[in-house]
Amino acid sequence: MTKHTTPSGVAAYEIKDDIAWVSFNRPDKRNCMNPTLNKEMGDLLSELEFRDDFGVLVLRGEGTAWSAGMDLKEYFRETEAQGLGATRRAQADAYGWWRKLRWYQKPTIAMVNGWCFGGAYGPLFACDLAFAAEDAQFGLSEINWGILPGGGATKIIRELTNFRNAMFHALMGQNVDGKTAAEWGMINEAVSADALEARVTEVARVLLEKNPVALKATKDAIRRVGEMTYDNAEDYLVRAQEAANSYDNEGRKEGIKQFIDEKSYRPGLGAYDK
Ligand code: ACO
């Protein structure tokens, strides 16, 4: 298994047995997210997304952290010193890769091996499933240094757990361990640190047996229906299933062929011959 790194080395990946293991790779800085990491992680996810040599992506952290959130020095202090434009660009890169991950083509699993703070809730929520070491630590530490949990973190804690837990977690600035995170619904399961990789691999192997078109349709549907009325969800799901059914629709290819290759009709003037 060959480990590849992004240009500055802040993110890495290896592909083994159809699973892409992508890592936060700044262990000396507890994998906190600086603008370089956000940019390179976005590029890496784009580069990998439609490759056919893996079917499940796992996001993990090198060293003792999953990710200690945003880099307070480089993402906040130094970027803010450059003005609003730089701040907005840094936000766009960070929010951009989390968004890409939320709607990723393949199923994704967060493997939280250690610290997970603040901004790291963005990629945590973006991953479809999440498993953690029992002694991993989760915290919305924003309140401890004087800001609110921004960058989606407040929304995420409200999505993942109940009102009282969310309020306590955000106001108190106290960490919860993997076990509590599982009880609160922030992750699927907590297991002992030495069993974590095996458990994630086991789950990934189950996903790899499924129809990839159905997996993508299902993961998107689970995210989308949360904000829909029942009737809107019912309608969306009918259409999503029909779209999945016709994923390999040959008709469009035939339409292009008749126009480009056979020159037998013009789409601007009428329909192709079915
Ligand atoms: N931003 C910038 N640098 C960081 C961050 C961070 N979020 N987290 C760790 N580092 C750096 C430290 O400054 C230190 O750098 P140095 O070696 O150059 O001095 C290095 O990473 C190691 O950190 P330590 O604190 O020495 O590591 P330790 O294992 O003792 O503690 C812990 C780990 C608890 C994660 C601690 O580093 C910490 O509290 N980090 C900040 C967590 C946080 O509040 N993140 C922000 C959340 S809010 C948001 O994301 C919007």
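Where a number appears in this text, it was derived from the coordinates with a stated rule and is not lab data. Predicted model, so just to flag it, every value in this text is computed and none were measured. We place every Cβ from the backbone using ideal geometry, glycine too, and count neighbours over all the protein chains shown.
What the table below lists for this structure:
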quantity: Likely footprinting exposure, Phe125, Phe131, Phe76, fewest C-beta neighbours within 10 Å first; calculated: Phe76, Phe125, Phe131
quantity: Viscosity 1.002 mPa s, 20 °C: Kirkwood-radius Stokes-Einstein D of the chain over Cα pairs, µm²/s; calculated: 106
quantity: For Ala136, residues with placed amide H under 5 Å, excluding near neighbours; calculated: Gly178
quantity: With Cα atoms, 0 to 90° folded angle of helix 35-49 axis to the chain main axis; calculated: 30
quantity: Cα long-axis angle, helix 163-172 against the chain (0 to 90 degrees, to the nearest 10); calculated: 50
quantity: Asn232/Arg252 FRET efficiency (R0 30 Å; Cβ-Cβ; nearest 0.05); calculated: 0.65
quantity: Neighbour cut-off at most 12 other Cβ (10 Å), DSSP loop, chymotrypsin sites (Phe, Trp or Tyr not before Pro), the range 32-70; calculated: Phe50
quantity: Residues Cys116, Cys127 arranged by fewest to most Cβ contacts within 10 Å; calculated: Cys127, Cys116
quantity: Whichever lysines have a C-alpha closer than 21 Å to that of Lys253, once near sequence neighbours (fewer than 8 apart) are set aside; calculated: Lys263, Lys274
quantity: Local electrostatic count, Phe117, Cβ distance below 14 Å [Lys/Arg +1, Asp/Glu -1]; calculated: 0
quantity: Long-range amide H partners of Val58 with built H, under 5 Å; calculated: Ala20, Trp21, Val22, Ile109
quantity: For the range 255-272, 3J(HN,Hα) per residue [Karplus equation, 6.51 cos²θ - 1.76 cosθ + 1.60, θ = phi - 60°, Hz, x = Gly/Pro]; calculated: x, 5, 4, 5, 7, 7, 8, 8, 6, 8, 7, 10, x, x, 10, x, 8, 6
quantity: Tilt relative to the chain, helix 84-102 - C-alpha long axis, 0 to 90 degrees, to 10; calculated: 70
quantity: Only Lys, Arg (+1) and Asp, Glu (-1) charged, at Cβ; the chain dipole about Cα centre in debye; calculated: 640
quantity: Long-range amide H partners of Gly69 with built H, under 5 Å; calculated: Met33, Phe117, Ala120
quantity: Highest-first arrangement of 167-174, 105-112, where packing means the average Cβ count within 10 Å; calculated: 105-112, 167-174
quantity: Rounded to whole Hz, the Karplus (6.51, -1.76, 1.60) HN-Hα couplings of the range 138-150, x for glycine and proline; calculated: 10, x, 9, 7, 3, 4, 6, 10, x, 10, 8, x, x
quantity: Stokes-Einstein D in µm²/s, Kirkwood radius over Cα pairs - the range 148-274 at 20 °C with 1.002 mPa s viscosity; calculated: 111
quantity: Proximal aspartates and glutamates to Lys219, defined as alpha-carbon separation beneath 12 angstrom and excluding residues fewer than eight positions away on the same chain; calculated: Asp128
quantity: Cα gyration tensor category, rounded, prolate or oblate, for the range 182-256 with a/c compared to 1.5; calculated: oblate
